[in-house]
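Every number here is computed from the coordinates shown, using simple stated rules; none is lab data. Just so it is clear, the model here is predicted, and its values are computed rather than measured. Please note: Cβ atoms are built from the backbone with ideal geometry, for glycine as well, and neighbour counts cover all protein chains shown.
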Amino acid sequence: PFTPRVFSGIQPSGGLTLGNYLGAMKRFVDMQDEGSFQTVYCMVDQHAITVWQDPEKLRHATRELCAGFIAAGIDPDRSILFNQSQVPEHAQLAWIFNCVARMGWMQRMTQWKDKAGKNQQNASLGLFAYPALMAADILIYHATHVPVGEDQKQHLELTRDVAIKFNHDYGVDFFPITEPVIEGAATRVMSLRDGSKKMSKSDPSDASRINMTDDADTIAKKIRKAKTDPDALPSEAKGLEDRPEARNLVNIYAALADSSVDAVLAEMGGKQFSEFKPILSELAVEKLAPISTEMARLMQDPAEIDRILGHGATQARELATPILKKTYDIVGM
Ligand code: ADP
Ligand code: NA
């Protein structure tokens with residue numbers, strides 16, 4: 001009975017990385033273009049402030065992220081594109097979900113453990129409650145599908161648990177049990193400097209990631225310096241087992257080329273990394289340069305970006321308002 005609807009978000013907590021692009025944004029564009037879903041995409045600024053954000057940087061990063069969405073192919077006439085804090089229904093539903101979710105569920109979240117680090121007592125309450133707000137982001141639209149990278153899988157499971165518990169506690173069949181969509185060759189892009197860590201905009205080492213705003217020389221330099229091993233590329237995927245850095249570069253190539261790891265290795269098997277890296281750099285620049293050029297162009301007109309986000313927020317609220325009203329009604333408020 002639920003309308004096929006996609007929701008996903010990205011935090012404006014810094015510049016976009018190749019990980020965000022391949023694991024999330026490129027998939028968002030595919031799902032928009034495929035045409036079988038209504039697509040709703042969000043800059044999640046309320047998630048970003050669970051750790052400290054300088055206000056001016058946050059404002060800039062939110063606009064830049066919006067420019068990134070559009071430059072990557074999200075069309076504000078075909079997808080709803082907006083900023084989370086402009087749709088207060090997210091936070092309103094999140095409060096109800098704070099009362100549905102259990103402390104134990106939150107304590108098990110690996111992102112909480114990673115981000116809070118050793119000093120949990122000093123982490124923000126918002127960082128702990130993050131997954132309940134994420135459940136609200138998704139369920140305030142009755143979203144049926146959520147494209148995300150591998151790192152968000154556990155949070156999606158929690159979203160499903162919230163929906164199941166709410167439906168059960170109130171004896172309703174109101175919230176959908178949302179499906180994660182984790183697909184493609186690059187669902188988990190790793191750091192270029194450490195094959196055991198994911199590429200992230202919040203990694204202190206800039207050399208660990210490719211930023212969507214990096215120029216061609218910077219991209220080539222980062223790939224040239226990326227950690228690898230001395231062996232040649234294998235001709236089959238199983239030759240990448242226990243070679244996380246090598247596998248990462250092949251995954252990135254496959255995702256950028258809209259190909260599969262097997263197809264890439266069939267072609268590239270036997271090459272040394274000294275030979276493969278320039279080929280990868282060339283493909284990365286070919287795919288990313290038009291996006292960063294378009295982002296820079298869009299950033300010349302911040303008022304237009306604000307207008308797009310304002311319009312998106314109005315559209316988002318049209319979906320969210322009746323769902324929140326019905327939720328309050330179910331809860332007895
Ligand atoms: P970050 O971790 O860079 O701060 P977000 O938490 O805003 O990014 O995540 C936005 C989206 O990008 C999510 O769907 C997330 O799964 C995806 N994503 C983030 N990093 C990666 C990565 N290294 N590989 C694949 N997908 C990623
Ligand atoms: Na993340």
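Need the full-extension length gain, Phe174 to Ile279, defined as separation in residues times 0.36 nm minus the C-alpha distance. One decimal, nm. Provide the component values of the computation, followed by the final result.
On the way: separation 105, 0.36 × 105 = 37.80 nm, distance 5.04 nm.
Computed gain between Phe174 and Ile279 is 32.8 nm.
Restricting things to Cα coordinates, could you compute the convex hull volume per residue of the range 206-296 in Å³? If you can, show how the numbers build up before the last one.
Numbers: hull volume 7.6 nm³, N = 91.
Residue-normalised Cα hull volume stands at 83 Å³.
Counting pairwise Cα distances across the chain, what percent come out greater than 33 angstrom?
Details: 15682 of 55278 pairs.
The answer is 28 percent, as a whole percent.
Tally Lys/Arg at +1 and Asp/Glu at -1 over every other residue whose Cβ is under 11 Å from the Cβ of Cys99; what's the total? Walk me through the numbers on the way to the answer.
Details: positive: Arg102, Lys165; negative: Asp169.
Spelling it out: positives minus negatives among the neighbours equals +1.
From the residues Gln111, Met134, His155, which one has its Cα farthest along the dipole of the range 108-162 in the positive direction, the dipole being from +1 and -1 charges on Cβ of Lys/Arg and Asp/Glu about the Cα centre?
Of the options given, the answer is Gln111.
As I understand it, the value is the acute angle between the Cα axis of helix 153-170 and the longest principal axis of the Cα atoms of the chain; what does it come to in degrees, rounded to 10?
Roughly 20 degrees, rounded to the nearest 10.
Using 0.36 nm times the number of residues separating Ala266 and Ser124, minus their current alpha carbon distance, what extension gain do you get?
On the way: separation 142, 0.36 × 142 = 51.12 nm, distance 4.83 nm.
Extra length from Ala266 to Ser124 when fully extended: 46.3 nm.
Quote the charge dipole size of the chain about the Cα centre in Debye, to the nearest 20; the model charges only the Cβ of Lys and Arg (+1) and of Asp and Glu (-1). Could the numbers behind the result be given before it?
Values: 37 positive and 44 negative charges, 188 e Å.
Rounded to the nearest 20 debye, it is 900 debye.
Calculate the FRET efficiency for His311 and Trp95 from the Cβ-Cβ distance with a Förster distance of 25 Å, rounded to the nearest 0.05.
Working: r = 27 Å, r/R0 = 1.07.
For R0 = 25 Å, the calculated efficiency reads 0.40.
Among the aspartates and glutamates, which fall within straight-line cross-link reach of Lys287, defined as a Cα-Cα distance under 13 Å, with same-chain neighbours fewer than 8 residues apart omitted?
Hits, sequence-local ones excluded: Asp214, Asp215, Asp258.
Could I have the simple spin-label model distance between Lys225 and Tyr328, label points 7 Å from Cα toward Cβ, reported in nm to one decimal?
Each label point is offset 7 Å from its Cα along the Cβ direction, giving 5.4 nm.
Around Arg63, what is the net charge, scoring Lys/Arg as +1 and Asp/Glu as -1 over all other residues with Cβ under 15 Å from its Cβ?
Neighbourhood net charge equals -4.
Please get the size of the charge dipole for the range 22-169, origin at its Cα centre, with Cβ charges of +1 on Lys and Arg and -1 on Asp and Glu, quoted in debye to the nearest 20.
On the way: 14 positive and 17 negative charges, 109 e Å.
Value, rounded to 20: 520 debye.
In square nanometres, what is one fourth of the surface area of the convex hull spanned by the alpha carbons of the range 97-231? Write out the running numbers ahead of the final one.
Values: hull surface 43.1 nm².
Over all viewing directions, the range 97-231 projects a mean Cα-hull area of 10.8 nm².
For Ser196, Ser79, what ranking results if the residue with the fewest other Cβ atoms within 10 Å of its Cβ goes first? Numbers along the way, then the final one.
Numbers: Ser196 8, Ser79 24.
Going from sparsest to densest Cβ surroundings: Ser196, Ser79.
Return the equivalent ellipsoid semi-axes of the range 48-141 as a descending list in whole Å, where each equals the square root of 5 times an eigenvalue of the C-alpha gyration tensor.
Numbers: eigenvalues 142, 65, 27 Å².
Taking √(5λ) for each Cα gyration eigenvalue gives 27, 18, 12 Å.
So which of Lys201/Lys222; Lys26/Lys222; Lys197/Lys238 end up more than 18 Å apart, counting from Cα to Cα?
Values: Lys201/Lys222 15 Å; Lys26/Lys222 21 Å; Lys197/Lys238 21 Å.
Pairs exceeding the cut-off: Lys26/Lys222; Lys197/Lys238.
Of Thr321, Gln92, Ala266, which is farthest along the charge dipole of the chain in the positive direction, counting Lys and Arg as +1 and Asp and Glu as -1 at C-beta?
Gln92
DSSP loop chymotrypsin sites (Phe, Trp or Tyr not before Pro) in the range 44-86 with at most 16 other Cβ atoms within 10 Å of their Cβ, which ones? Could the numbers behind the result be given before it?
Values: sites: Trp52, Phe69, Phe82; in loops: Trp52.
The qualifying sites are Trp52.
Equivalent-ellipsoid semi-axes (√(5λ), Cα gyration tensor) for the range 10-69, whole Å, largest first?
Working: eigenvalues 112, 25, 18 Å².
Equivalent ellipsoid semi-axes, largest first: 24, 11, 9 Å.
R0 = 30 Å: FRET efficiency of Asp258 with Asp217, Cβ-based, nearest 0.05?
On the way: r = 25 Å, r/R0 = 0.84.
Efficiency computed from Cβ-Cβ geometry: 0.75.
Using a cut-off of 24 Å between alpha-carbon atoms, which lysines can reach Lys325, once sequence neighbours fewer than 8 places away in the same chain are excluded?
Leaving aside lysines fewer than 8 places away in the same chain, those within reach of Lys325 are Lys165.
Using the Cα centre as the reference, give the magnitude of the dipole from point charges on the C-beta atoms of the range 206-296 (Lys, Arg: +1; Asp, Glu: -1; all else neutral), rounded to the nearest 20 debye.
Numbers: 12 positive and 17 negative charges, 53 e Å.
Using only the charged Cβ atoms, the result is roughly 260 debye.
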